[in-house]
Amino acid sequence: MILITGGAGYIGSHINKLLNKSGYETIVLDNLSKGHKKAVKWGSLVNADLSDSDKLREIFQNNDIEAVMHFAAFSSVAESVEEPEKYFKNNFENTANLLRIMKEFRVRKFIFSSTAALYGIPKEIPISESAELKPINPYGESKLMVENLLKDESDFGGLKYVSLRYFNAAGADLDCEIGEDHNPESHLIPLVLDAAIGRRNSISIFGDDYDTPDGTCIRDYIHVQDLADAHLKALQYLEEPFNDSNIFNLGNGNGFSVKEVIDTCKKVTGIDFEVKVEGRRPGDPDILIADSKKAEEVLKWKPEYPDLEDIVESAWNWHKKLHG
Ligand code: UDP
């Protein structure tokens, strides 16, 4: 049995589906503050908060849990700047609580949903796992605190973990059963698709004076199906008794500018809409592109859907189903 915290959310729900399709049994723990009950179509759902130690103990007591995949966290950079304490409490303290209770029940395999935000403003592109960790916002800081705790628990407490540092998760389930559904939405692709479907009048580009060929920020968009596959491979990696704790970047290796994303959305949807240019959003680095060679070599993982058009097309199919 695999415990998936945050399995009602965007990324967690895709992994929940893939694990079930691959023969694993799952329990999703989610407080449904951001996630959606209807996204948990596989395994069982426990509606509870990670700060609820009694509930956590009950889950570990009543189920034979082999490993925990931990997605439950707040993930808005803008909100983390407004309310840092919320991020330290939910992302760090609640994770520490989960790890403490896992230890009580001798559950020692852990897969952590980490982020490229750990790297802050990178000195070199593409970014490898050994790049300096210097988050520039409380969201990244709270995830780095967890990674530091995981390292100590692994060095001294017998934990075996894999930390997966995602770049920009995008796209949706290819069967269109689940997909991205944030409220409020802040991510580029669903916002652009909102403009295409008429839920907003225009899309704003946050800055066109960056040091990039077309002046807009470049990001590495990775298909959520590929992320799901990486989690399955990470779990199989941890199931091998001689494998050590490890950290992997997960990206597509290709960078796309904000303008390229907007043009691709126009092409895929066949719909034109207004594009405005606004000032820069605080804390946005010019370019973030992953070096995922380590995941390729160690986990034998390679993105199957690196093409931006394929990513946008799956997101569009889901967007039409959700809002059409
Ligand atoms: N962005 C934008 N307009 C929007 C939303 C995002 O120009 O309405 C830009 C943002 O500044 C960044 C890129 O799109 O350069 C990706 O942003 P997103 O919030 O999707 O992901 P992040 O890179 O912050 O994790």
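Beyond a 32 Å Cα-Cα separation, which of these cross-linked pairs lie in this structure: K41/K86; K143/K302; K41/K276? Could the numbers behind the result be given before it?
Numbers: K41/K86 29 Å; K143/K302 24 Å; K41/K276 39 Å.
Table pairs above 32 Å Cα-Cα are K41/K276.
Give the long-range amide H neighbours of I222: residues separated by 5 or more places, or on another chain, with amide H under 5 Å away, using H modelled in the peptide plane at 1.01 Å from N.
Those qualifying (amide H under 5 Å, at least 5 residues apart or on another chain) are N168, A169, A170.
Taking the Cα centre of segment 49-150 as origin, sum charge times position over the Cβ atoms of Lys and Arg (+1) and Asp and Glu (-1), and report the length of that vector in debye to the nearest 20.
320 debye
Calculate, for K321 and D209, the FRET efficiency according to 1/(1 + (r/R0)^6) with r their C-beta to C-beta distance and R0 45 Å; round to the nearest 0.05.
The formula returns an efficiency of 0.75 here.
For segment 182-291, build the charge dipole from Cβ charges (+1 Lys, Arg; -1 Asp, Glu) around the Cα centre, then report which of G255, V268, P213 sits farthest towards its positive end.
V268
Rank H36, F71, P138 by how far each Cα sits towards the positive end of the charge dipole of the chain (+1 on Lys, Arg Cβ; -1 on Asp, Glu Cβ) and give me just the farthest.
The one lying farthest along the dipole's positive direction is H36.
Calculate, for segment 158-197, the solvent-accessible area per residue in square angstrom, rolling a 1.4 angstrom probe over the heavy atoms of the protein chains.
Working: 1250 Å² over 40 residues.
I get 31 Å² per residue for segment 158-197.
Assuming R0 = 25 Å, what is the FRET efficiency of D49 and E82, from their Cβ-Cβ distance, to the nearest 0.05? Write out the running numbers ahead of the final one.
Numbers: r = 21 Å, r/R0 = 0.85.
With R0 = 25 Å, the Cβ-Cβ based efficiency is 0.75.
Return the long-range amide H neighbours of I111 (sequence gap of 5 or more, or a different chain), with a cut-off of under 5 Å between placed amide H atoms.
Counting only residues 5 or more places away or on other chains, the set is V68, M69, H70, V162.
Quick query: amide H of L29 versus all other amide H atoms, modeled in the peptide plane; which residues come in under 5 Å with a sequence gap of 5 or more or a different chain?
I4, T5, G6, G7, V46
Please calculate how many Å² of accessible area segment 204-324 carries per residue, with a 1.4 Å probe and no DNA, RNA or ligand atoms counted.
47 Å²
Over the chain, with every protein chain in place, what whole percent of the accessible area is carbon and sulfur at 1.4 Å, could you tell me?
Looking at the chain in its full context, I get 47 percent from C and S.
Note down the magnitude of the dipole of the chain about its Cα centre, charges +1 on Lys and Arg C-beta and -1 on Asp and Glu C-beta and zero elsewhere, to the nearest 20 debye. Walk me through the intermediate numbers first.
On the way: 37 positive and 54 negative charges, 139 e Å.
Computed charge dipole of the chain: roughly 660 debye.
Which value, in Å² rounded to 10, gives the accessible area of L174 with a 1.4 Å probe and all protein chains present?
My reading of the accessible area for L174 is about 90 Å².
Take the eigenvalues of the Cα gyration tensor for the chain, scale each by 5, and report the square roots as semi-axes in whole Å, largest first.
31, 22, 19
Please work out how much length the chain gains when fully extended from E104 to V298, using 0.36 nm per residue of separation minus the C-alpha to C-alpha distance, in nm with one decimal. It would help to have the intermediate numbers written out before the result.
Details: separation 194, 0.36 × 194 = 69.84 nm, distance 3.03 nm.
Stretched fully, the E104-V298 segment lengthens by 66.8 nm.
Sorted by accessible area with a 1.4 angstrom probe, largest first, how do K41, K21 fall?
From most accessible down to least: K21, K41.
Among 130-140, 206-216, how do they line up by average Cβ neighbours within 10 Å per residue, starting with the highest?
Details: 130-140: 17.9, 206-216: 15.1.
In decreasing order of mean packing, 130-140, 206-216 become 130-140, 206-216.
How many angstrom lie between the C-alpha centres of segment 93-130 and segment 1-35?
Distance between centres, Cα-based: 18 Å.
Using Cα pairs under 8 angstrom and six or more residues apart, how large is the relative contact order of segment 156-250, in percent?
Normalised by residue count, the contact order of segment 156-250 is 48 percent.
So, for segment 1-147, what is the accessible surface per residue at a probe of 1.4 Å, expressed in square angstrom?
Numbers: 6390 Å² over 147 residues.
I get 43 Å² per residue for this part.
The values are calculated or read from the model by the stated rules, or taken from the named source; none is laboratory data. Nothing here was measured: the structure is a model prediction, and the numbers come from that model. For neighbour counting, all protein chains shown are included, and Cβ atoms are generated from backbone atoms with ideal geometry for every residue, glycine included. All accessible areas refer to the heavy atoms of the entire protein, side chains included, with ligands and DNA or RNA removed. Shrake-Rupley method; radii C 1.70, N 1.55, O 1.52, S 1.80 Å.
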